[in-house]
1. Give me the percent of accessible area attributable to carbon and sulfur for the stretch 64-133, probe 1.4 angstrom.
2. Between Glu97 and residues 5 or more places away or on another chain, which pairs have amide H atoms under 5 Å apart, with H built 1.01 Å from N, and which residues are they?
3. On average, how much area does the Cα convex hull of the chain cover when viewed from any direction, in nm²?
4. For the modelled label position 7 Å from the Cα of Arg67 along Cα-to-Cβ, which residues of the stretch 78-105 have backbone nitrogen atoms closer than 15 Å?
5. Quick one: Karplus J couplings for the stretch 125-136, per residue in order, coefficients 6.51, -1.76, 1.60, θ = phi - 60°, nearest Hz, x for Gly and Pro?
6. Please list, ordered by chain and number, the residues whose modelled amide H lies under 5 Å from the amide H of Gln120; skip anything fewer than 5 residues away on the same chain.
7. Shape verdict for the stretch 69-140, please, from the Cα gyration tensor: rounded (a/c under 1.5), prolate (a/b greater than b/c) or oblate.
8. Which residue fluctuates most in the GNM of the chain (Cα springs below 10 Å): Val54, Val28, Val72?
Amino acid sequence: MGADIDKDSVERAYAFWAPFYDLVFGAVFDAGRRASIAAAELACGPRGGRILEVGVGTGISLPDYARVNSIVGIDLSEPMLRKAHERVAAQGLHNVEALAVMDAERLALPDKSFDVVVAQYVITAVPHPEATLDEFARVIKPGGEIILVNHIGAEEGPRRVFEICFAPLARRLGWRPEFRFHRLTDWAARHGGVRMIERRPMPPMGHFSLVRFARES
């Protein structure tokens, strides 16, 4: 499937957002962040596990992980990651194993090296969502989970029309608002080694969803 967002535009968009991302989006995305962290920690179990957070951004979620978990955070945006490094240092987050600039479509990470991949508000902001999901599945262990939180486009009605009309502007801001749920289910069916285990509506007004996949093999 062809790209309708390019990597350079995403980098520019998030370099722009970096200084005030937490202020603008922190409260709006809080419920989804906390739900995805809770799901990741449940998947890891009480002894914790190794979690990859893709699109870690300013690191706003990092303090909320239990210290028993080891966290690796990656992001395409170096300005966003600078904020994350500052947060890790200021709050003494010693369970953060590494923070790195990395392309989600080409993870420089070994196969089967994480218990969980968490991607909050990421999959609609990458040029090739399906290729990115392939990478997520590659780096998790059998029995591990991919946990996404994202805006899911409406199937019909006025919101669907608005999303289509708003899409050209949204792309310049670094995301696609009309991303539909079937792209996730179609990807899982084609991949063959993963299965969807949950879709849960998230605030505000159910326009976002938490989606979990389990890797079977």
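The values are calculated or read from the model by the stated rules, or taken from the named source; none is laboratory data. What you see is a predicted model; the values in this text were computed from it and never measured. Cβ: placed from backbone, ideal geometry, glycine included. Neighbour counts: every protein chain shown. Areas reflect the complete protein model, heavy atoms only, side chains present, ligands, DNA and RNA absent. Shrake-Rupley method; radii C 1.70, N 1.55, O 1.52, S 1.80 Å.
1. Numbers: 1510 of 2860 Å².
Result for the stretch 64-133: 53 percent of the exposed heavy-atom area is carbon or sulfur.
2. Ile71, Val72
3. On the way: hull surface 44.2 nm².
Result: a mean projected hull area of 11.0 nm².
4. 88-97
5. Each residue of the stretch 125-136 in turn: 10, 10, x, 10, x, 5, 5, 5, 5, 4, 5, 4 Hz.
6. Result for Gln120 returns Val54, Val149.
7. Details: a/c = 2.32, a/b = 1.43, b/c = 1.62.
It is oblate, given that a/c is not under 1.5 and a/b is not larger than b/c.
8. Comparing Val54, Val28, Val72 in a Gaussian network model of the chain, the most mobile one is Val28.
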